[in-house]
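Participant: Sharing a structure below in structure tokens format, with a few things to ask.
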């Protein structure tokens with residue numbers, strides 16, 4: 001018999017290292033043609049941080065993304081950004097890049113004050129043009145402002161660093177400020193359990209994530225989908241079997257991860273509740289997508305079968321034995 | 001060994017090369033012809049990263065004997081398109097956001113081409129079937145499937161346009177086709193190279209993004225779905241991962257690893273290995289001039305085993321030689337005299353009185369506690385109490401790219417070009433090992449093929465650094481898949497015993513948790529994992545009376561460290577099942593119990609008593625995921641369970657099958 005069930009699981013995740021300083025820094029240089037280079041130590045392993053940092057810098061500088069070049073993760077060139085872990089680069093390095101960009105922009109705006117004879121508060125930057133807010137005709141391109149800076153011995157460079165507001169936790173009670181901001185998520189899983197084999201098929205996964213602001217919605221969706229797939233592997237199939245300290249499976253034929261046939265339709269949902277301390281409201285998203293999936297699937301299996309399984313992975317064998325009222329030894 | 005003269009057609013051009021009889025097609029492509037777009041992920045034909053087309057048929061080139069390609073037509077990613085002319089499939093991968101780390105991308109693109117050549121209009125299942133032999137650890141496959149669908153659409157449209165154009169005019173446009181040109185391309189329907197292609201610009205801003213002005217979308221600002229900046233080199237196979245780095249005079253390293261889980265090293269004799277022709281250097285802990293140990297939080301792990309080994313796979317010595325084969329031969333000539341010690345393999349054993357000590361001190365690596373309110377009194381008052389013990393296993397990151405890197409002396413210092421998740425951290429460890437000023441070590445991240453926490457710790461770095469300094473030649477090291485699985489830190493196996501108490505309404509009033517993690521032989525990231533477990537134990541709910549004790553123990557198991565989630569997926573498996581159990585006892589639905597207890601604006605304090613000042617989206621995620629799944633259920637006529645109060649009113653779904661009301665074993 002095949003039984004259907006649905007399960008929900010919710011999580012929160014503190015962005016950045018727990019109760020510890022974990023700063024990041026960045027440099028920004030605006031060139032005489034109005035293009036800009038961002039230097040930041042943040043390592044991109046595929047999650048997309050380099051693109052996100054470029055979008056943040058472009059937004060702050062008021063220039064288009066194709067005028068930005070980002071150099072990352074080279075200690076010979078880039079300043080320290082900490083490790084790309086704890087879902088921290090969008091929030092922490094994003095702030096560092098925004099602050100550095102703002103500093104470089106300030107040099108240009110101050111020059112524009114002189115060129116346009118307007119107070120700085122009246123100036124805005126749109127698509128590489130500095131103009132008077134209520135009189136867009138009175139304007140100077142960033143390239144001209146940068147050249148005018150050079151002409152009098154100023155360079156449009158900026159540096160920024162950001163450390164999230166987190167402090168040491170009390171060693172006995174854990175009391176303290178653990179994180180600068182928190183990300184939230186809820187996953188819902190729909191499963192079908194074959195009672196004759198114990199096999200669990202996941203029919204659909206809905207993953208709603210509060211990302212603060214989605215800097216790059218398509219990339220954010222990709223993070224959710226990939227994280228959910230890792231959560232699905234954790235739920236249903238993955239286990240490094242260790243016997244007397246020896247890892248038994250050392251190949252992909254023995255250590256199975258989900259294939260395109262194992263992963264169902266994943267429905268990412270971006271919830272945007274901008275956080276005041278994030279760059280343009282953004283939080284982090286690297287890890288949250290992986291956290292709730294296995295719990296949601298386990299709850300769905302219980303909903304379908306009435307059996308509560310307390311050990312991962314939910315292999316067919318384990319589920320079958322649980323349905324028979326016995327435990328996998 | 002006589003070499004075979006191999007002639008075949010490669011990416012539209014005749015190619016001739018001498019090959020060793022045992023060489024795979026992948027060896028020839030990468031090492032002899034310099035076509036590094038084809039990736040080596042597992043060397044056993046399981047991951048698909050090395051997919052190429054031989055006479056139009058996808059093969060795993062890592063297993064395909066090179067000599068078998070005689071006379072064949074071979075297409076690699078380099079033949080699909082170039083920077084001035086992307087193939088429509090490559091463009092579709094960019095537009096769909098199907099590229100993340102990019103390590104699986106070349107193989108996926110070729111697999112997609114083989115499929116679309118056979119079936120121009122495949123359905124989703126056919127696409128999933130076609131790419132099921134190609135693993136991806138980053139994307140969850142959704143956007144790859146979407147990319148193939150888009151490519152099919154674009155190729156179909158282009159073919160239609162081409163036919164129309166050909167019938168309307170006598171000229172067909174493009175005169176000098178690139179290798180492997182599809183009809184669409186030769187007809188002049190080349191998609192724009194620009195990352196912000198027409199189709200992408202149309203798609204942006206995404207429907208999900210909040211209030212993005214049209215100007216911001218055009219400019220690629222925050223809120224806009226622009227393609228990742230390295231998408232073009234990745235779809236072209238031009239991104240340079242660690243294994244794609246080749247420099248003149250480069251040596252190849254291999255690492256000798258411990259076969260024992262726990263043993264003293266009485267002596268290491270490297271003289272025979274050093275005498276082997278082609279060997280340039282052998283290093284052991286005796287060659288470490290500076291600090292002997294490293295670790296991101298606690299410096300307890302030797303760069304090379306020193307006096308003792310603590311897990312199977314621990315690095316004992318490393319060799320640099322002219323070829324990987326010679327380096328491998330040299331490893332067999334290193335004599336290590338071990339004296340096995342009694343090992344410990346479980347947390348319980350490790351913490352028992354008289355247990356063998358993994359390190360000089362006790363096996364309790366660390367403990368983190370939370371104390372809040374008066375949990376004993378609260379549990380005594382609780383109307384509903386649920387509890388259980390939950391176990392999760394050791395998990396492998398399984399990124400597609402095995403660890404790789406190249407080190408060389410450069411500009412008076414050492415340049416390391418390698419996998420990394422944090423170049424500054426790793427640079428500091430290498431400088432300390434060499435006893436060099438930090439600013440004389442430069443660590444540059446190569447393109448990284450997935451990491452998920454597994455590439456934070458050092459891997460190849462100390463061995464290539466010591467050997468490059470010793471031999472004064474560039475040294476490259478690429479882990480085998482087995483080595484990657486054996487030697488690098490993984491997700492902690494954790495046992496959680498948890499109890500939750502609620503009042504009659506189902507509101508949480510008390511929580512208690514005991515969290516036991518097996519750190520394996522070294523600390524790695526255990527401090528951060530255990531601390532995060534302790535402060536996040538009960539999820540996004542207000543619990544005013546709590547006691548949490550979380551600890552990690554040393555054992556002689558493989559090392560556990562950072563992996564996406566830092567212990568919280570293991571915790572959620574416990575706490576979120578208990579929440580459902582609590583809901584059942586309190587007569588609430590799973591949605592209701594979470595809505596009742598979830599963090600809300602203005603009142604939220606965490607387990608650490610941190611008041612969350614930010615706006616919070618927790619309840620919004622709860623409603624959004626629930627609503628979307630119910631819409632789906634209504635659309636497909638699925639039985640909605642678990643949350644009757646939110647089921648669509650018009651749902652006439654039949655009652656669930658028997659078994660749903662089964663008792664809870666706990």
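The values are calculated or read from the model by the stated rules, or taken from the named source; none is laboratory data. Note that the structure is a prediction, hence the values are computed from the model and not measured. Glycine also receives a Cβ, built like all others from the backbone with ideal geometry; neighbour counts cover every protein chain displayed.
Participant: Specify the residue that is nearest to the chain's Cα centre (by Cα); the eligible residues are those in the range A:195-209 that are more than 13 Å from residue A:305 (Cα to Cα) and at the interface with chain B (Cβ under 10 Å from one of its Cβ atoms).
Facilitator: Filtering the range A:195-209 for residues that are more than 13 Å from residue A:305 (Cα to Cα) and at the interface with chain B (Cβ under 10 Å from one of its Cβ atoms), the one nearest to the chain's Cα centre (by Cα) comes out as A:209.
Participant: If I go through the range B:56-81 residue by residue, how many of them are in contact (Cβ under 8 Å) with a residue 60 or more places away in the chain, farther than 12 Å from residue B:10 by Cα and out of contact with any strand residue (DSSP E or B) (no Cβ under 8 Å at 6 or more places or on another chain)?
Facilitator: 1
Participant: Next question, about the same structure. Return a yes/no flag: does the range B:423-435 have any residue that is facing another protein chain (nearest Cβ under 8 Å) and surrounded by fewer than 24 Cβ atoms within 10 Å (Cβ to Cβ).
Facilitator: Within the range B:423-435, one or more residues are facing another protein chain (nearest Cβ under 8 Å) and surrounded by fewer than 24 Cβ atoms within 10 Å (Cβ to Cβ).
Participant: From the residues in the range A:145-182 that are surrounded by 14 or more Cβ atoms within 10 Å (Cβ to Cβ) and without any contact (Cβ under 8 Å) to a residue 12 or more places away in the chain, which one is nearest to residue B:371 (Cα to Cα)?
Facilitator: Among those that are surrounded by 14 or more Cβ atoms within 10 Å (Cβ to Cβ) and without any contact (Cβ under 8 Å) to a residue 12 or more places away in the chain, it is A:173.
Participant: Another one. Condition first: without any contact (Cβ under 8 Å) to a residue 24 or more places away in the chain and in contact with a strand residue (DSSP E or B) (Cβ under 7 Å, 6 or more places away or on another chain). Now tell me which residues in the range B:115-153 satisfy that.
Facilitator: B:140, B:142
Participant: Among (1) part of a loop (DSSP other than H, G, I, E, B); (2) in contact with a strand residue (DSSP E or B) (Cβ under 6 Å, 6 or more places away or on another chain), where does residue A:258 come up short?
Facilitator: (2)
Participant: Something else: For the range B:123-142: of the residues being at the interface with chain A (Cβ under 7 Å from one of its Cβ atoms) and under 17 Å from the mean Cα position of the chain (by Cα), which is nearest to residue B:96 (Cα to Cα)?
Facilitator: In this case the residue turns out to be B:142.
Participant: Answer with yes or no whether residue A:239 is in contact (Cβ under 8 Å) with a residue 60 or more places away in the chain, facing chain B (nearest Cβ under 7 Å), surrounded by fewer than 24 Cβ atoms within 10 Å (Cβ to Cβ) and more than 30 Å from residue B:623 (Cβ to Cβ).
Facilitator: So residue A:239 fits the description; yes.
Participant: With respect to residue B:609, determine if the residue is more than 15 Å from residue A:209 (Cβ to Cβ), assigned to a loop (DSSP other than H, G, I, E, B) and facing chain A (nearest Cβ under 8 Å).
Facilitator: It is true that residue B:609 is more than 15 Å from residue A:209 (Cβ to Cβ), assigned to a loop (DSSP other than H, G, I, E, B) and facing chain A (nearest Cβ under 8 Å).
Participant: Take the residues in the range A:242-265 that are more than 28 Å from residue B:146 (Cβ to Cβ) and facing chain B (nearest Cβ under 7 Å); name whichever of them is surrounded by the fewest Cβ atoms within 10 Å (Cβ to Cβ).
Facilitator: A:244
Participant: Only one of (1) at pLDDT below 95; (2) in the same structural domain as residue A:207 (by TED's automatic domain parsing) is not met by residue A:303, so which one is it?
Facilitator: (1)
Participant: Select from the range B:597-606 the residues that are in contact (Cβ under 8 Å) with a residue 60 or more places away in the chain and either within 9 Å of another protein chain (Cβ to nearest Cβ) or crowded, with 17+ Cβ neighbours inside 10 Å (or both) and write down the one among them that is farthest from residue B:368 (Cα to Cα).
Facilitator: So, considering only residues that are in contact (Cβ under 8 Å) with a residue 60 or more places away in the chain and either within 9 Å of another protein chain (Cβ to nearest Cβ) or crowded, with 17+ Cβ neighbours inside 10 Å (or both), the one farthest from residue B:368 (Cα to Cα) is B:597.
Participant: Could I ask something else about it? When you check residue B:307 against the structure, is it touching a residue at least 12 places away in the same chain (Cβ under 8 Å), more than 31 Å from the chain's Cα centre (by Cα) and at positive phi, yes or no?
Facilitator: yes
Participant: When you check residue A:192 against the structure, is it in contact (Cβ under 8 Å) with a residue 12 or more places away in the chain, at negative phi and more than 7 Å from chain B (Cβ to nearest Cβ), yes or no?
Facilitator: It is true that residue A:192 is in contact (Cβ under 8 Å) with a residue 12 or more places away in the chain, at negative phi and more than 7 Å from chain B (Cβ to nearest Cβ).
Participant: Inspect all residues belonging to the range A:219-234 and state whether any of them is surrounded by fewer than 19 Cβ atoms within 10 Å (Cβ to Cβ) and more than 7 Å from chain B (Cβ to nearest Cβ).
Facilitator: Within the range A:219-234 (the criterion being surrounded by fewer than 19 Cβ atoms within 10 Å (Cβ to Cβ) and more than 7 Å from chain B (Cβ to nearest Cβ)), the answer is no, since none of the residues qualifies.
Participant: Assuming residue A:186 fulfils every condition listed in (1) assigned to a helix (DSSP H, G or I); (2) in contact with a helix residue (DSSP H, G or I) (Cβ under 6 Å, 6 or more places away or on another chain); (3) facing chain B (nearest Cβ under 8 Å) apart from one, which condition is it?
Facilitator: (1)
Participant: Of all residues in the range A:196-229, which are within 16 Å of residue B:223 (Cβ to Cβ) and part of a strand (DSSP E or B)?
Facilitator: Scanning the range A:196-229 gives A:209, A:210.
Participant: Here is a follow-up. Just checking, how many residues over the range B:373-393 are under 18 Å from residue B:584 (Cβ atoms) and in a strand (DSSP E or B)?
Facilitator: 6
Participant: May I pose another question? Residues of the range A:32-46 being surrounded by 24 or more Cβ atoms within 10 Å (Cβ to Cβ) and either assigned to a helix (DSSP H, G or I) or more than 7 Å from chain B (Cβ to nearest Cβ) (or both), which ones?
Facilitator: A:36, A:38, A:40, A:42, A:44
Participant: Is it true that residue A:302 is facing chain B (nearest Cβ under 8 Å) and under 25 Å from residue B:615 (Cα atoms)?
Facilitator: no
Participant: Identify all residues within the range A:56-68 that are under 21 Å from residue A:109 (Cβ atoms) and part of a helix (DSSP H, G or I); write none if there are none.
Facilitator: Of everything in the range A:56-68, those that are under 21 Å from residue A:109 (Cβ atoms) and part of a helix (DSSP H, G or I) turn out to be A:56, A:57, A:58, A:59, A:60, A:61, A:65, A:67.
Participant: So, one more: Would you point out the residue of the range B:442-457, among those that are crowded, with 24+ Cβ neighbours inside 10 Å and more than 9 Å from chain A (Cβ to nearest Cβ), that is nearest to residue B:398 (Cα to Cα)?
Facilitator: B:454
Participant: Looking only at the range B:79-134, how many residues end up being surrounded by fewer than 24 Cβ atoms within 10 Å (Cβ to Cβ) and part of a loop (DSSP other than H, G, I, E, B)?
Facilitator: Qualifying residue count for the region: 9.
Participant: Here is a follow-up. Touching a strand residue (DSSP E or B) at 6+ places or on another chain (Cβ under 7 Å) and farther than 30 Å from residue B:342 by Cα: does that describe residue B:555?
Facilitator: no
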